[in-house]
């Protein structure tokens, strides 16, 4: 493990406020990169590349989800071995070509290739900002830390989605909506390279003060614990996968569903922004709230709220109804998202926590690919509404599994 030790290493949000705030800003630019696509890429697929099948239209989410998921796993492993900052900077370097490929790619395969790079970049950058914030705050206030992290990322997703929808309505689908991506990459890379400091020394400090901490846990053991054998970690991974499965559905099908209801590009951009904006802002409350009331029932209730929200969208036919469903979906997701990451921090030991986060994010972000494939195939077979109802049902059952199988992890102690 690489150690870049400052003069004094202390754990805590207040003690590391400057670095923590910097990482929040960096993660906002990470979120903005993926937000560029949120409102207009399905329309580009249909209008510029003439893709008719929903499975083909949603293929960009599949390649994004798979590449991000696999990179999450590698990022956690590399973060433990070579240091967090190196992984973060590498992620930004990989993102450099993405805006140009989205602006000028002559075929749909170029768009898919851009999304492979975007997924790899997101896997490195977002995973690392999560891990570094957990490192800095130590054992307390993890929920608040994750709420702040995800707030920044998803408010930026919403802002970028709103901006690209607004630009596209006035200048066309390409290239103008993707010009801001060049600025996002330049600032994110510059801040990460010049100002972000390594946090591996904070991990070492927490490890020395944590009873029974072991550095001998193998990558294979961490993988199987987080995937199956540990009932808490594996339930967290299952919920994360289903959460991102319905997010992948929303990303791909909601713009098409809104367009079928005769919403304009500008209104579709606004609707695409309401969901992640609500999600982002609400996490300021839900992350900290989980530090007080616990993780389990926020996670369970959040999944049930998401299922209801998808039903509200399906049953609506007006802008107001779609907006209400999107806002409710954002609230449900906010109950789940930072709480899952905080629960990983509760259960995993400092010496293998980054790897556990990587495994969790592997399964969670495979949900994008699974959701896009499931939604695309089902939409081609039985229509948009049928595909959305299926995802709502799976989301509801995921909450039931969490209610039955998961323990409360706040103040949890693992052997």
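The values are calculated or read from the model by the stated rules, or taken from the named source; none is laboratory data. Computed from a predicted model, the values in this text were never measured in an experiment. Positions of Cβ are backbone-derived with ideal geometry, glycine not excepted, and every protein chain shown enters the neighbour counts.
Is one or more of the residues making up segment 40-61 under 14 Å from the mean Cα position of the chain (by Cα) and either surrounded by fewer than 18 Cβ atoms within 10 Å (Cβ to Cβ) or modelled with pLDDT of 90 or more (or both)? Yes: one or more hits. Taking the criterion of being in a helix (DSSP H, G or I), modelled with pLDDT of 95 or more and within 15 Å of residue 147 (Cβ to Cβ), would at least one residue in segment 316-330 satisfy it? Within segment 316-330 (the criterion being in a helix (DSSP H, G or I), modelled with pLDDT of 95 or more and within 15 Å of residue 147 (Cβ to Cβ)), the answer is yes, since at least one residue qualifies.
Within segment 339-355, the set of residues being assigned to a helix (DSSP H, G or I) and either more than 18 Å from the chain's Cα centre (by Cα) or modelled with pLDDT under 90 (or both) comprises 341, 342, 345, 346, 347, 350, 351, 352, 353, 354, 355. With the checklist (1) modelled with pLDDT under 95; (2) more than 15 Å from the chain's Cα centre (by Cα); (3) surrounded by fewer than 24 Cβ atoms within 10 Å (Cβ to Cβ) in hand, flag the one item residue 304 doesn't pass. Status for residue 304: all satisfied but (1). Considering only residues in segment 74-106 that are in contact (Cβ under 8 Å) with a residue 24 or more places away in the chain and not in a helix (DSSP H, G or I), the one that is nearest to residue 63 (Cα to Cα) turns out to be 96. Do the conditions hold for residue 126, that is, is it assigned to a helix (DSSP H, G or I) and within 30 Å of residue 294 (Cα to Cα)? Yes; evaluated as a whole, the condition is true for this residue. One residue alone among 196, 185 is surrounded by 19 or more Cβ atoms within 10 Å (Cβ to Cβ) and either outside any helix (DSSP H, G or I) or free of Cβ contacts under 8 Å to residues at least 60 places away in the same chain (or both), and that residue is 196.
When 26, 82, 63 are screened for being closer than 28 Å to residue 225 by Cα and touching a helix residue (DSSP H, G or I) at 6+ places or on another chain (Cβ under 7 Å), only 63 passes.
Pick from 332, 345: which is buried (at least 24 other Cβ atoms within 10 Å of the Cβ) and under 18 Å from residue 138 (Cα atoms)? Answer to the check: 345. Taking segment 375-398 as the range and being surrounded by fewer than 22 Cβ atoms within 10 Å (Cβ to Cβ) and within 20 Å of residue 304 (Cβ to Cβ) as the test, the residues that pass are 389, 390, 392, 393, 394, 396, 397. Just one of the numbered conditions (1) more than 19 Å from residue 167 (Cβ to Cβ); (2) crowded, with 20+ Cβ neighbours inside 10 Å is not true of residue 260: (2). Only one entry of 305, 333 meets the criterion of being touching a residue at least 60 places away in the same chain (Cβ under 8 Å), part of a helix (DSSP H, G or I) and in contact with a helix residue (DSSP H, G or I) (Cβ under 9 Å, 6 or more places away or on another chain), and that entry is 333.
A single member of 32, 79, 69, 75 is under 21 Å from the mean Cα position of the chain (by Cα) and at pLDDT 95 or above, and it is 32.
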